[in-house]
Structure formats: C-alpha cells, structure tokens
Amino acid sequence: MIITAQDDGFSLNEPDNFSSFHVDAGGRTSAELTELATAHVSVIPIVDADHLWVSADFLRREGDSDERTGQLERLVEFAREKGWFDEDAQAIRAHVENLGE
C-alpha cells in the first residue's frame, strides 16, 4: 500500500499490495508534509522526522474482503511486534519516500 500525499490530503494507492507500505511525499518538503499531515489528522495522526503514522481506519476504507481484512490484520500485528503501531492513535508507522528538499 502506498499512501500518496496530494494537495488536498492523502490517497491510498495499490490497496492490496501489502509488501510496499510507505508514504510517497510527492516531492514535498518535510515542513510541507508535516503541514499536510496536521491538516488531515484523521489519516495521519502523528508525525515525526522521517515517518508518518497512518490511521488503520484509513487503510480499512478500501474494501472489506476477507482476504484484505486478514492481510491488514497481519500488517497491524507485524507493526505491533516491531513497535510500529500506536495503540492510542490506532496508527501504523510508515516510512516516507520521495521527500523534497
């Protein structure tokens, strides 16, 4: 799953690709991405220097097939085991790619 930053928020691309989970900044600077994330806290509730935390609810919006639900739950469990899941925010830590300077 690739979460893509856009001028009006974030979109989810490749929602069934669980092997490529990251945020594509679309060339935005860290400050621009932080501002966008702050404006869309329902999608990205927590921001740090190199990662965004993506709402699990946002990821669930793309469908509810049994297979996709199972894959998403495995992703959450994997993230939980690695310390990449925030229980309070119900969000998964995602690496940011394509960050501008």
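Values quoted throughout were computed directly from the atomic coordinates according to the rules given, and no laboratory measurement underlies them. Values in this document were obtained by computation on a predicted structure and should not be read as measured data. Backbone-built Cβ (ideal geometry, glycine too); neighbour counts: all protein chains shown.
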Exercise. Give me the percent of DSSP beta bridges within segment 2-97 that run antiparallel, rounded to the nearest 5.
Key: 75
Quiz item: Taking only DSSP H segments of four or more residues, each worth -39500 (n - 2.57), what value at 222 nm results for the chain once the sum is divided by all its residues, to the nearest 500 deg cm²/dmol?
Solution: -9500 deg cm²/dmol
Quiz item: For segment 37-101 and segment 1-25, what is the separation of their Cα centres, given in Å?
Solution: 10
Quiz item: When the Karplus curve 6.51 cos²θ - 1.76 cosθ + 1.60 is applied with θ = phi - 60°, which whole-Hz ³J(HN,Hα) does each residue of segment 85-99 get, with x for Gly and Pro?
Solution: 10, 9, 5, 5, 8, 6, 9, 9, 6, 10, 5, 9, 10, 6, 7
Quiz item: Which cross-chain or sequence-distant (5 or more) residues have an amide H under 5 Å from the amide H of Ile46, H modelled 1.01 Å from N in plane?
Solution: Trp53
Quiz item: Taking amide H positions as placed 1.01 Å from N in the peptide plane, with prolines and chain starts having none, which residues 5 or more places from Gly26, or on another chain, fall under 5 Å of its amide H?
Solution: Ala5
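Working out 0.36 nm times the residue gap between Ala89 and Arg61, then minus their Cα-Cα distance, what length gain in nm do you get to one decimal?
8.4 nm
Evaluate the relative contact order of the chain (contact order divided by residue number), counting alpha-carbon pairs under 8 angstrom at least 6 apart; express in whole percent.
Relative CO of the chain lands at 33 percent.
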Exercise. Starting from the Cα of Ser11, step 7 Å toward the Cβ, then list every residue of segment 81-100 with an amide N under 12 Å from that point.
Key: none
